[in-house]
Amino acid sequence: MKEIRQLILPDTYEDLVKELGNDYAQMSQFVVPVEEAEKSLALIAQTIKNSGKIVLLFGLPGVGKSTFVLSLTWRKHLPISDIIEIDANNFFGGQAKPLHLLYQKLQKIIQQQIKSQKPDTIPTIVINYLENLAGQEQEDIRAFFRNVNGLLRKNPVLIIWPVTEKEDAEKLLELASAVSGTVFSQEPILEFMGPQIKEFPRIAKDTISTLNPGFSFDDFLLNDDELRVIADRLKRENISRRTIRHYLQAVKVEWQQKSGELEQIIGRIPKPTEVWIIVCYPDAESIVSQFARKSPYAPDDAWDADYRRLSEYVSGNAQRSADWNPRRLQFALRGAFRTKIMFLPTNAVVSCVAAHGVHYRVDLELLTKIWANTIENWKKPVIAKRFLGSSPLVRQLKGEPAKLGKRRSGASAQSIKNAETPFMEINHFTQNTSDQPINHCLAQGLRESLEWSESDIVAECAHPFLEGIRPDILIKHDPSKIICVEMFYTVNKTPSTLANYVLSKMDRYMKQLDLYSLQPRLFVEDL
């Protein structure tokens, strides 16, 4: 993982709305409806029968007024239709009589909308970027409201006028009242607070997945815990900063800080390291599936450790919480290292030991028990090669997609059942004696199954630059990365046991980044 994936995230939702244009399908994926404001607008729209009204939409900058107004387009249950926006900047850029030009634009749009009005809905116009009428002649202001009042009296249209200052909204009402008291709705100022802060993390995640197709928010070193912390921090800010705009900006800063920190770590590591936790016990697939993503359509992402699942086992334990803050856990799983969790069927392990145990000094008593409890041809390396060939480990090393669905019947299921008794013997041996001979048998089985060299797959060999790390199997076939295979032999099937193993193992790896200078050294076989 030498490159830090670049996060595409808008500085403001207004930028995002402009970028997506009229792609309402995409926008609806991340825009959270603000139902309270929708109800208020719906009530105003329902009061419009024969004459139109103006409502001032007051909300702080960055609270999401523009996005809210646009979202009304696909909220089909509301009595609002054909929303047309007017950019007031087009009339106030130095032209003479800008208010008169704005009135003419309103008149033209209203005439068009009334002709094409949909049944049981009110045509809607939004006047954007006109916060106040400062600098305009009093006579021009009176003429504008007088003309608009006459226009709306004959045409049932809703005009939404967003403003960011309460004083500006009140001043507009005062100016209009000098001409007409009916141009504004009965509730002339609709205060818009935007989505609730508790919704911000979900909005951010949906926005990231929409603008970065094929990726989730955790592909960018972000996680639920930190997104929640940012939201909690925002609650303590001044009310003017409790907006979705400031939240997105804070998320982007978090990503930038983590990316910079990770770049420094990666810069000190000569070659990316992946840690593959291989769980081996009967029906291990059921437990592994709780902690890893299969991603059948993106083989490289298959079996990636699930941050959210593992963080559950951190938050509920005081000692683990002291060892694992959200950033450290994220770096261990997807940053400084890339951690995968997969399973290895027991028949693959048993057949490897039965076929190669003699050559790697597996205890003769153990071998005798294995041979006595397996089918005779399991002593043949070709059988081990066949069992390994369909395993998630070998498929992942080949770059093949993960298979979905468990082996519930047929020859494969029967061979796994045949492996139950000898596997228990192997597990007992690894727990009470050593797993090193078993790891050597697996390494040989992998070499034969993949047809890779002995230097590509090495058992019980020290990591080239992490001083304190000696993985069960080290795989160096891919010149762009190093894979550390850590075998988890156990008969304890509880999810917490697997979570404890992963967290404990990755804690050892992460400590190497803290304690050592990460200077590369040569493998023994490279000398």
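So that you can scan it fast, the table gives a plain yes or no per residue for (1) over 27 Å from GLU38 (Cα atoms); (2) within 49 Å of the chain's Cα centre (by Cα); (3) buried (at least 20 other Cβ atoms within 10 Å of the Cβ):
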| site | (1), (2), (3) |
| --- | --- |
| ASP87 | no, yes, no |
| PHE92 | yes, yes, no |
| GLN111 | no, yes, no |
| LYS115 | no, yes, no |
| GLU131 | no, yes, no |
| ARG142 | yes, no, no |
| ASN147 | yes, no, no |
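Select from segment 247-285 the residues that are among the hydroxyl-bearing types (Ser, Thr, Tyr) and either modelled with pLDDT of 90 or more or in contact with a strand residue (DSSP E or B) (Cβ under 6 Å, 6 or more places away or on another chain) (or both) and write down the one among them that is nearest to CYS352 (Cα to Cα). Filtering segment 247-285 for residues that are among the hydroxyl-bearing types (Ser, Thr, Tyr) and either modelled with pLDDT of 90 or more or in contact with a strand residue (DSSP E or B) (Cβ under 6 Å, 6 or more places away or on another chain) (or both), the one nearest to CYS352 (Cα to Cα) comes out as THR273.
Screening LEU78, LEU60, LEU106, LEU101 for residues that are surrounded by 14 or more Cβ atoms within 10 Å (Cβ to Cβ) and closer than 17 Å to ILE44 by Cα leaves exactly one candidate, LEU78.
Go through segment 171-209 and count every residue that is closer than 19 Å to LYS65 by Cα and either in a helix (DSSP H, G or I) or among the aliphatic types (A, V, I, L, M) (or both). Residues meeting the conditions: 14. Can you tell me which residue is surrounded by the fewest Cβ atoms within 10 Å (Cβ to Cβ) among those in segment 263-307 that are of a type in the set (Ser, Thr, Tyr) and outside any loop (DSSP other than H, G, I, E, B)? That would be SER286. May I ask you to verify whether LYS398 is open to solvent by 80 Å² or more (accessible area, probe 1.4 Å), of a type outside the set (Val, Ile, Thr) and over 19 Å from TYR281 (Cβ atoms)? Yes.
Checked against (1) β-branched (Val, Ile, Thr); (2) assigned to a loop (DSSP other than H, G, I, E, B); (3) modelled with pLDDT of 90 or more, VAL491 passes all but a single condition, namely (3). Residues in segment 357-380 that are in contact (Cβ under 8 Å) with a residue 60 or more places away in the chain, surrounded by 18 or more Cβ atoms within 10 Å (Cβ to Cβ) and assigned to a helix (DSSP H, G or I): GLY357, TYR360, LEU366.
One residue stands out in segment 457-484 among those that are under 31 Å from the mean Cα position of the chain (by Cα) and free of Cβ contacts under 8 Å to residues at least 12 places away in the same chain: the one that is farthest from ILE269 (Cα to Cα), namely ASP478. Among the residues of segment 480-501, is any charged (D, E, K, R), within 16 Å of GLU274 (Cβ to Cβ) and open to solvent by 60 Å² or more (accessible area, probe 1.4 Å)? No: segment 480-501 contains no residue that is charged (D, E, K, R), within 16 Å of GLU274 (Cβ to Cβ) and open to solvent by 60 Å² or more (accessible area, probe 1.4 Å). Inside segment 315-346, residues that are over 20 Å from PHE220 (Cα atoms), open to solvent by less than 10 Å² (accessible area, probe 1.4 Å) and either in a helix (DSSP H, G or I) or without any contact (Cβ under 8 Å) to a residue 40 or more places away in the chain (or both) make up a count of 1. Would you say GLU454 is surrounded by fewer than 21 Cβ atoms within 10 Å (Cβ to Cβ), modelled with pLDDT of 90 or more and assigned to a helix (DSSP H, G or I)? Spelling it out, it is not the case that GLU454 is surrounded by fewer than 21 Cβ atoms within 10 Å (Cβ to Cβ), modelled with pLDDT of 90 or more and assigned to a helix (DSSP H, G or I).
Of everything listed in (1) under 19 Å from ILE44 (Cα atoms); (2) in contact (Cβ under 8 Å) with a residue 24 or more places away in the chain, the single unmet condition for PRO119 is (2).
The values are calculated or read from the model by the stated rules, or taken from the named source; none is laboratory data. This is a predicted model, so every value here is computed, not measured. Positions of Cβ are backbone-derived with ideal geometry, glycine not excepted, and every protein chain shown enters the neighbour counts. With ligands, DNA and RNA removed, areas are computed over all heavy atoms of the protein, side chains included. Shrake-Rupley method; radii C 1.70, N 1.55, O 1.52, S 1.80 Å.
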